[in-house]
């Protein structure tokens, strides 16, 4: 229902019924309009004036509430009696300004640069919805689609246009579910926010249902996959950025671990091909895995966001962490570390083939330190290390220095 009507007792014999709600719904119940001289028949000219005033308020971004009343002879047991919603007297319009939070405009802009398309679904007047949507950057000059238009369209008819419409106004609860399904059928990943009981079906249907923690009902929270504790849209955008950081850091850790292992494999396989004895002893391999895969790998987990994290489109849903590009990087970086380590040891071995401990220690140390260089280089895939800065991840810098110190202790201390 788009109207609400309470009854109030004026005296022992009489009462009055008040009606408030959407302008069109209230006008449907009115036969008169209140003027200075009292009630007057609500003719077409007055209707046009009221609707024009309503549109002007709505176009200014206000939520418009119409008010009407009528005297009643008897107060029923229920404070709400729909039988009196006829022949009412229209009183006027109330315009209420409910501006969005200051941070929402920036959050919407970040969504767009990140490849996320915000869509507004509201029960407000279309003009009100479009004014707010334009001020936030959600919509351009296109008109909003109304709930009446959605009712005349099925999910199949909605699919061709759902990708172009960013504002839906005067929407009923069932229409939200149709919009979500139409977007999903077009291959979109849909996150839906809501706070009421009527939002539960759409929250359940969406890929990520987000319920409001402060004003949300228990039903909406149960249907959602996520509860927003501060009811702030900007928090969702911050969560998207944090998720991208975590995903990037997981990829960096996997790439770092695999390239380190590839370097060790390259050393062990290429050494005998050059006629060299076993390049590394089992204990040395264990040491390399312990000091290089430990602290530097953990430090990658706290790597801050790269430049442009929110300026790129989302990863495809079916994309794997271990992709072809990573596989190529693992192979050539591993080979590079292995060849450089073996080359240093090979020249020492050629000089003095009997000094096995010396050239093996050289291979051991160069491979360990090359993996530390790899850990620093792998921190970013878009910028150079000098632009990112060594101090931007102090945990990584500390782990590299500690690993270097431990390596020197192993080599030089008896």
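Read the figures in this text as sums done on the coordinates, not as results from a lab. Here the structure is a predicted model, which is why all the values come from computation and not from measurement. FYI the Cβ positions are ideal-geometry reconstructions off the backbone, even for glycines, and counts take in every protein chain you see.
Here region 169-309 is treated as a Stokes sphere of Kirkwood radius computed over C-alpha pairs; at 25 °C and 0.890 mPa s its diffusion coefficient rounds to 128 µm²/s. The angle between the Cα long axis of helix 356-377 and the main principal axis of the chain comes to about 20°, on a 0 to 90 degree scale. Which one of 37, 370, 260 has the biggest mean-square fluctuation once the chain is modelled by GNM with Cα springs under 10 Å? Result for the chain, Cα springs under 10 Å: 37 fluctuates most.
Return the Rg/Rh ratio of region 104-231 with Cα-based radii and a Kirkwood Rh. Rounded to two decimals, Rg/Rh equals 0.94. Extension gain, residue 174-residue 269: 0.36 nm per intervening residue step, less the Cα-Cα distance, totals 27.8 nm. On the beta carbon distance between residue 289 and residue 102, with R0 = 60 Å, the FRET formula returns roughly 0.75. Sorted from greatest to least, the principal axis extents spanned by the alpha carbons of region 36-143 come out as 61, 36, 21 Å.
The Rg/Rh ratio for region 236-412, using Cα coordinates for both the radius of gyration and the Kirkwood hydrodynamic radius, is 1.03.
Projecting label points 7 angstrom from Cα along Cα→Cβ for residue 250 and residue 410 puts them 3.0 nm apart. For the chain, the 222 nm mean residue ellipticity estimated from helices alone, with every DSSP H stretch of n ≥ 4 adding -39500 (n - 2.57) and the total spread over all residues, rounds to -16000 deg cm²/dmol. Using R₀ = 41 Å, calculate the FRET efficiency as 1/(1 + (r/R₀)^6) where r is the Cβ-Cβ separation of residue 55 and residue 312; round to 0.05. E(calc), rounded to 0.05, equals 0.50. Of all DSSP-defined beta bridges confined to the chain, some 65% are antiparallel rather than parallel. For the pair residue 401 and residue 328 in one chain, pulling the backbone fully straight at 0.36 nm per residue adds 23.4 nm over the alpha carbon distance. When the chain is treated as a Gaussian network with alpha carbon springs shorter than 10 Å, the biggest mean-square fluctuation among 95, 294, 15 belongs to 15.
Between 97, 390, 283, the residue with the greatest mean-square fluctuation in the GNM of the chain (Cα pairs under 10 Å linked by springs) is 283.
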